[in-house]
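Coordinate-derived values only; no laboratory data. Just so you know, these numbers come straight off a predicted model, no measurement behind them. Quick reminder, even Gly has a Cβ in these numbers, built from the backbone with ideal geometry, and neighbours come from all protein chains shown.
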Amino acid sequence: MTNPAPRVSIVIPAYNEGPDIVSGLDRIFEAIKLDAEVLVVVDSADDTTIPPVDEYRVHEPRIRHLVNDYGRGPAYAIRYGIDHAAADTVVVTMADGCDDPRQIDDLVKLVERGVVVAAASRYMPGGQQVGGPRFKVFLSRIAGRTLHIFTGVGTRDATNSFKAYSKRFVESVGIDSKHGFEIGLELTAKARRLRQPVAEIPTIWLDRTFGQSNFKLSKWIPKYMRWYFFAFGRQLSADEVRAKSSAER
């Protein structure tokens, strides 16, 4: 008899987090009430994240590590995790502990009610961002607000990576991002072009208190801008979204 699929697969892209990842895992397993699997995705078998995750698995069998063979970087790690998720709903959250895992259950329930993207929003009433580079925060806030106003997408925080997705929706539109964390914006933009429902709940984001972020603003801005502008335009079918996004690579 096979085990039933969990209600949510939580995908965590990680890069040499070492034992620092443990505190974030503790918060996730303390917060979630739904049946879940946690997939920590790394790029290589010698990543320092693996030993603490495997040790954690001794007392928490819902977690396992995956070694991504699609390519290096967070975009490929997230894609690999989604492709190997057992649940119909996938939540992407970061390994650095910035996201608040108490929102995971509510994000999942929004997807189960019919939205294809459920966003944890720093910029809606009740949300907050504490810390982080000011210029990056400014750009993120402006992008989210203008997309919300001018396209009607159902979140004011399209750039946040902390989101839940319908796996069926992701499979229908595909993922084209190959580099960083722009996947959250990509899938939000694709949902808008399909006119599929997107919703948000407030979250409080806290800047990481350990390690160093690998986010390089100048490197990622063009990649984010591509998906920002993709959100504008007429309604498309899933096949048209795939064709148009592939043609714009």
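For the chain, DSSP calls about 25 percent of its internal beta bridges antiparallel. Take the Cα of Ile149, step 7 Å toward its Cβ, do the same at Lys219, and the gap between the two points is 3.2 nm. Could you tally the net charge around Arg234, taking each other residue with its Cβ under 14 Å from the Cβ of Arg234, Lys/Arg +1 and Asp/Glu -1? Once all neighbours under 14 Å are counted, the net charge is +4. Distance from the Cα centroid of the range 81-140 to that of the range 147-189 is 11 Å (rounded to whole angstrom). Helix 134-151 axis versus longest C-alpha principal axis of the chain: approximately 50°, rounded to the nearest ten.
When you count the other C-beta atoms within 10 angstrom of each residue and take the mean per peptide, 65-76, 25-36, 176-187 line up highest first as 176-187, 65-76, 25-36. For the chain, the longest principal axis of the Cα atoms and the long axis of helix 238-247 meet at an angle of about 90 degrees.
Here the dipole of the chain is about 1300 debye; that uses its Cα centre as origin and unit charges on the Cβ of Lys and Arg (positive) and Asp and Glu (negative). Taking a sphere under 10 Å around the Cβ of Pro6 and counting the other residues whose Cβ falls inside, with K and R at +1 and D and E at -1, yields a net charge of -1. Taking 0.36 nm per residue of separation and subtracting the current Cα-Cα distance, fully stretching the chain between Val58 and Arg72 would add 2.3 nm.
Projecting the Cα atoms of Phe138, Val108, Gln128 onto the charge dipole of the range 70-185, computed from C-beta unit charges around the Cα centre, puts Phe138 farthest toward the positive end. For Glu55, neighbours were defined as the other residues whose beta-carbon sits under 15 Å from its Cβ, and their charges (Lys and Arg +1, Asp and Glu -1) total -3. Any chance you could give the angle, 0 to 90 degrees and rounded to 10, that helix 183-194 forms with the longest Cα principal axis of the chain? The two axes meet at around 40 degrees. Kirkwood hydrodynamic radius of the range 8-247, from the reciprocal of the average inverse Cα-Cα distance over all distinct pairs: 17.7 Å.
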